[in-house]
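The values are calculated or read from the model by the stated rules, or taken from the named source; none is laboratory data. Quantities reported herein were computed from a predicted structural model and do not represent experimental measurements. Quick reminder, even Gly has a Cβ in these numbers, built from the backbone with ideal geometry, and neighbours come from all protein chains shown. Protein only, heavy atoms only, side chains kept; ligands, DNA and RNA dropped before computing areas. Shrake-Rupley method; radii C 1.70, N 1.55, O 1.52, S 1.80 Å.
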Amino acid sequence: MILLALLFALQEGSQVFLTEEEALQIVFPREEKVLRREVTLDSSTHAAVENRLKRRVETTHRLFVAARDGEAVGFAMIAEEVTKTLTMTFLVGVDPKGRVIDVAVLEHKEKIGADCAKRKFLDQLRGKTVNDPLRRKKDMVHVVGATMSCDAVMRGTRKALAVVREYCLDRPQNVRAILQEEPVVQQRYVMGSLLTITAYGPKSAVNRAFEEAKRWDGILSDYKEESDLSRLNRDGKLESPELARFLGECRKVSDLSGGAFDVTVGPLVRSWGFRDGRHRVPSSAEIESALRRVGSNRVILENGRIRLAEGTLLDPGAIGKGWAVDRTVDALRKDGIASAFVDFGSTVYALGAPPGKEGWTVAVRDPFRKERTLGQLTLRHASLSTSGAYEKFFEVDGRRFCHILDPRTGRPVEGVASVSVLARTGTESDALSTAIFVAGPDLAAKAKVDSLWVSADPKAELRMTDGWRKIWRKE
Ligand code: AMP
Ligand code: MG
C-alpha cells in the first residue's frame, strides 16, 4: 500500500527538498533549542484565525518555539497546502514581532510548480506580517509556470502568520506553558563555588534566586571583608538578625552532635593552615591554645545582637553553602517554582521533580576515584551533601591530614574518606555531613537523617542507614 503510494508520488514528480530538521536550521540558524508541539486551537482562537484569513483552516497545527534562556525568540509552523490536487509542505518561521523570518519548502508533490521553492520567490516573504495581504502580482512576483504553487505558499504563509499571531503573540500564556516544559539552566560563581540552578519556570525567577544566594554570600562570607561574618570576627560584636538566625541553627547542630560540628573552629582551621592553604602541623601547645578559643557557647545571641567571646573566630565552611541552598530554594518557591534542582557542588537540593519524573537523580562520587561514582539516588523535596577528605588535605610522612577537624581534639579527622547525608534541608545535610564525618556514622540515627559513611582504609567499608539502603542504586 505504502509502496504503491510512493510509486504514485514518484510518477507525479514529487520532490523532497528538505527534512524538517534542515528546514528548522534555515528559519532558526542560531537557535539551539527548538521545542515542538502539536497544538489544537480552542474555539475562540480558531475563530480569530479564520476571521483574519477569511477562510476555513484546520484546528490542529504543528508549531515550533525557539527558546533562549527560557524565553521565546522565534516561532515556526508547518503549513500544508493543496497546489492543484496534491499537497506541498513548508515551514514558516516568524519572529516575536510577527514578521516572517523565512520560509523553507520541505516537499512538493505535484509534477509542476516545484520552482516555487526557489529563493528568488521565497525571499519576498521575509518581513511580511499577518496584515500584508500577499496578493499575486501586486505584492509578490510569481515564478513563471508555478503560479498555483506560489499561491499555495502565500496562503500557507498567511495561515502560519495568523496562527502565530493569535496563538502565540496575542495569547502569551500558551507560549509560557510550552516553555515551562523545558528547564532553564543557569550558573554563577557564589561563595567561591559554582552554583547551578535548573528550574522549570521563568528565567527572571532563577535570577532572583541567584540574587538571594549572592546576598547571603555578602552576609556569611569568610573572605569578603565587609560581610557581616567578617565584621563580627573583627569586632567581636554585631547587630545582624539574619546572621543571628544562621548562628542559632549552627548552635542546634553543635548541641545535637555533642560538639562534633562547631562553627567556632576558625582558630583551629587557621592553625592547620587550611584557611590560607599554607598547610602545616601545629605544635601541641598551639593546638591547645587554639582549642581554648573554640566552643559553641562562645557565641552569645540576644535577639538580633551577637557577641563573641575573646579570640573566637567563626568559620562558616561546613554549613554556609547548605544554608545558601535553602535560601535559594525559598526564593524559587516564593516565585511559584515547583520543580528545580539547586546544585552547589557538595550540597544539592531537589525541589519537587522534573515533569513526569519521580524525582531528580543525583550521583555520589567515589572518594577514591575522582571520575567514578559509588551509586545514585533519586531525590524529591530533599537535600544531599557530601563531606570528603579528598576536598582539601595535605600529607606528611605518608599521613593524611584533611580539612575536617575534630573540635574536641583539635586535630584532623582520620580514617574517613567521605560522608553523604540526605536531609530535608540543605542546612541540615551540609552541617550533618561534617558532623557525622567527625562523630561517626551512629550520629545519623540520633539526627534522624539517612547517610552513607565510607572509611578511608583500603577496604573502603561502606556504612549506610536503612533508609539510605532502600533508595540507593549501587553503581
Ligand atoms: P564540609 O566540606 O561541609 O564538611 O566543610 C568543611 C569545612 O568546614 C572545612 O574546610 C572548615 O572550614 C570547616 N570545618 C572543619 N571542621 C569543622 C567542624 N568540626 N565543624 C564545623 N566546621 C568545620
Ligand atoms: Mg558540611
Which condition from (1) modelled with pLDDT of 95 or more; (2) out of contact with any strand residue (DSSP E or B) (no Cβ under 8 Å at 6 or more places or on another chain) is the one that residue 397 breaks?
(1)
Residues in segment 307-319: is at least one assigned by TED's automatic domain parsing to the domain that holds residue 240, away from ligand 1 (no atom under 16 Å from the Cβ), open to solvent by 60 Å² or more (accessible area, probe 1.4 Å) and under 38 Å from the mean Cα position of the chain (by Cα)?
no
Consider only pairs whose beta carbons are under 7 Å apart and that are at least six residues apart or on different chains; among these, list those whose first residue lies in segment 459-475 and is at negative phi and whose second residue is of a type in the set (Phe, Trp, Tyr) and surrounded by 10 or more Cβ atoms within 10 Å (Cβ to Cβ).
463/453; 464/472
Checked segment 393-409 for anything away from ligand 1 (no atom under 16 Å from the Cβ) and assigned to a loop (DSSP other than H, G, I, E, B); matches are 397, 398
Return the residues of segment 418-475 that are under 23 Å from residue 216 (Cβ atoms), not small (Gly, Ala, Ser) and not in a strand (DSSP E or B); say none if nothing qualifies.
424, 425, 427, 428, 430, 432, 434, 449
Can you find even one residue in segment 93-112 that is surrounded by fewer than 20 Cβ atoms within 10 Å (Cβ to Cβ), closer than 17 Å to residue 150 by Cβ and free of Cβ contacts under 8 Å to residues at least 40 places away in the same chain?
no
When only residues in segment 148-170 that are out of contact with any Gly (no Cβ under 7 Å at 6 or more places or on another chain) and open to solvent by 50 Å² or more (accessible area, probe 1.4 Å) count, which is farthest from residue 351 (Cα to Cα)?
155
Counted residues in segment 186-209 being at pLDDT below 95 and exposed (fewer than 15 other Cβ atoms within 10 Å of the Cβ) come to 2
Sole residue being open to solvent by 20 Å² or more (accessible area, probe 1.4 Å) and within 13 Å of ligand 1 (Cβ to nearest atom), chosen from 238, 256
256
Out of 428, 461, 395, 475, which single residue is acidic (Asp, Glu), closer than 23 Å to residue 263 by Cα and open to solvent by 30 Å² or more (accessible area, probe 1.4 Å)?
428
Picking from 410, 415, 375, 388, the residue that is over 28 Å from residue 326 (Cα atoms), in the same structural domain as residue 255 (by TED's automatic domain parsing) and open to solvent by less than 40 Å² (accessible area, probe 1.4 Å) would be 410
I need the full set of residues from segment 353-362 which are surrounded by 14 or more Cβ atoms within 10 Å (Cβ to Cβ), of a type in the set (Gly, Ala, Ser) and either at pLDDT below 95 or within 15 Å of ligand 1 (Cβ to nearest atom) (or both), in order please.
353
For segment 163-181, does any single residue satisfy the condition of being more than 24 Å from residue 305 (Cα to Cα), part of a helix (DSSP H, G or I), hydroxyl-bearing (Ser, Thr, Tyr) and touching a strand residue (DSSP E or B) at 6+ places or on another chain (Cβ under 9 Å)?
yes
Which one is farthest from ligand 2 (Cβ to nearest atom) among residues in segment 260-294 that are farther than 22 Å from residue 391 by Cα and open to solvent by less than 20 Å² (accessible area, probe 1.4 Å)?
287
Restricting to segment 377-392, and then to whatever is modelled with pLDDT of 95 or more and not small (Gly, Ala, Ser), can you tell me which residue is nearest to ligand 1 (Cβ to nearest atom)?
386
Would a scan of segment 326-339 turn up a residue that is within 15 Å of ligand 1 (Cβ to nearest atom), farther than 30 Å from residue 225 by Cβ and open to solvent by 60 Å² or more (accessible area, probe 1.4 Å)?
no
